[in-house]
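Enquirer: Quick one: structure below, then a few questions.
Here, each number is a calculation from the coordinates, and none is a lab measurement. Keep in mind it's a predicted model, so treat the numbers as computed, not measured. Neighbour counts run over all protein chains shown; Cβ positions are idealised from the backbone, glycine included.
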Amino acid sequence: MLKFGSKSKYDFLVVGLGNPGTKYRNTRHNIGFMTLDYIASKENIEFKKSKFRGETSEKKIGDKNILFLKPDTFMNLSGESVLSASKFYKIPPENIIIIYDDISLGVGKLRIRKKGSAGGHNGIKNIIANLNSDNFPRIKIGVGEKPAEFSDLADYVLSPFKITEREILDGAIEKAYMALKVIFSENTDKAMNLYNG
């Protein structure tokens, strides 16, 4: 597990997972990117290329200083970007919040956890391997189970959302943003009580 001696300038690192490029912009695997884009629009911030193999932005929300990160390593190497930023700014795993897609949840359902396994998600698997810890909070946004017409799971998570799903997802993204603010101002347990379900 990462150990840090001095206090970081940031209270939290918030990471949205996805794949870079217009080809993947509205796909199921990119719900983390979509959530950070929504937050950027609400908080009037802009993401820029950084040395952490991704795009970053920062904002003070309430009394907390937040660093936002969108890795551009592609999903399966997300941990390399997360480790780079967390080591540089001395942010421990318990203060790293990951937002990502979950196929075991119905479209638009939220599930917040304080820690846990990868659950088959390659991005989370790589983050756990790089941080050498699974002790980080995560906000999972349901994108629905793979339907029968998709033979391959990768094809499904890289497929775009249907128009009928977008309204539900917009609400889920807004709730994820609200849950984040509860984590910042109070704690993960309170966010779990309010938004899991």
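Enquirer: Can you tally the net charge around Y156? Count Lys and Arg as +1, Asp and Glu as -1, for every other residue whose Cβ sits under 15 Å from the Cβ of Y156.
Expert: On the way: positive: R28, K146, K162; negative: D101, D102, E145, E149, D152, D155, E165.
Local net charge: -4.
Enquirer: Given the peptides 61-68, 40-47, arrange them by the average over their residues of other C-beta atoms within 10 Å, most packed first. Display every interim value, and only then the final one.
Expert: Working: 61-68: 17.0, 40-47: 12.4.
Descending packing order for the listed peptides: 61-68, 40-47.
Enquirer: Taking the Cα centre as origin and putting +1 on Lys and Arg beta-carbons and -1 on Asp and Glu beta-carbons, what dipole magnitude results for the stretch 12-195, to the nearest 20 debye? Spell out each step's value before the answer.
Expert: Numbers: 28 positive and 22 negative charges, 89 e Å.
Result for the stretch 12-195 is approximately 420 debye, rounded to the nearest 20.
Enquirer: Which of the trypsin sites (Lys or Arg not before Pro) found in the stretch 136-194 are loop residues per DSSP with 12 or fewer other Cβ atoms within 10 Å of their Cβ? Kindly include the intermediate steps, with their values, before the conclusion.
Expert: Working: sites: R138, K140, K162, R166, K175, K181, K190; in loops: K162.
Qualifying residues, ordered by number: K162.
Enquirer: Still on this structure, please answer the following. Mind checking which lysines have their Cα closer than 18 Å to the Cα of K175? Skip sequence neighbours fewer than 8 apart in that chain.
Expert: Here the lysines satisfying the reach criterion relative to K175 are K42, K109, K114, K140, K190.
Enquirer: For a quick check of your reading of the filter: which chymotrypsin sites (Phe, Trp or Tyr not before Pro) in the stretch 77-138 sit in a DSSP loop and have no more than 10 other Cβ atoms within 10 Å? It would help to have the intermediate numbers written out before the result.
Expert: Details: sites: F88, Y89, Y100; in loops: none.
Qualifying residues, ordered by number: none.
Enquirer: What are the residues whose amide H is under 5 Å from the amide H of I98, where those residues sit 5 or more places off or on another chain and H is modelled from the backbone?
Expert: V15, R138, I139
Enquirer: Pairing the Cα long axis of helix 163-185 with the longest principal axis of the chain, what angle in degrees results, from 0 to 90 and rounded to the nearest 10?
Expert: It is inclined by approximately 20 degrees.
Enquirer: Still on this structure: Compute the angle between helix 31-43 and the longest alpha-carbon principal axis of the chain, please, reported from 0 to 90 degrees and rounded to the nearest 10.
Expert: 60 degrees
Enquirer: Further question: Binning every alpha carbon pair distance of the stretch 12-195 at 5 Å from zero, what are the percents per bin?
Expert: Going from the shortest bin to the longest, the percentages are 1, 8, 19, 23, 23, 16, 7, 2, 1, 0.
Enquirer: Which aspartates and glutamates have a Cα lying under 15 Å from the Cα of K162, excluding residues fewer than 8 positions away in the same chain?
Expert: Straight-distance partners of K162: E145, E149, D170.
Enquirer: Still on this structure, I have one more. Considering only DSSP beta bridges whose two residues both sit in the chain, what percent are antiparallel, to the nearest 5? Present the calculation step by step, with values, prior to reporting the outcome.
Expert: Working: 16 of 29 bridges.
Approximately 55 percent, going by the DSSP bridge assignments.
Enquirer: What number, rounded to the nearest 500 deg cm²/dmol, is the helix-based mean residue ellipticity at 222 nm of the chain, given -39500 (n - 2.57) per DSSP H run of at least four residues and division by all its residues? List each step's numbers first, then the result.
Expert: Details: 6 runs with 71 residues, N = 197.
It lands at -11000 deg cm²/dmol.
Enquirer: Between E46 and E165, what FRET efficiency follows from the Cβ-Cβ distance if R0 is 30 Å, with the result rounded to 0.05? If you can, show how the numbers build up before the last one.
Expert: Details: r = 28 Å, r/R0 = 0.92.
Efficiency at R0 = 30 Å is approximately 0.65.
Enquirer: According to a simple spin-label model (label point 7 Å from Cα along Cα-to-Cβ), what is the distance in nm between N135 and D63?
Expert: Result: 2.5 nm between the two label points.
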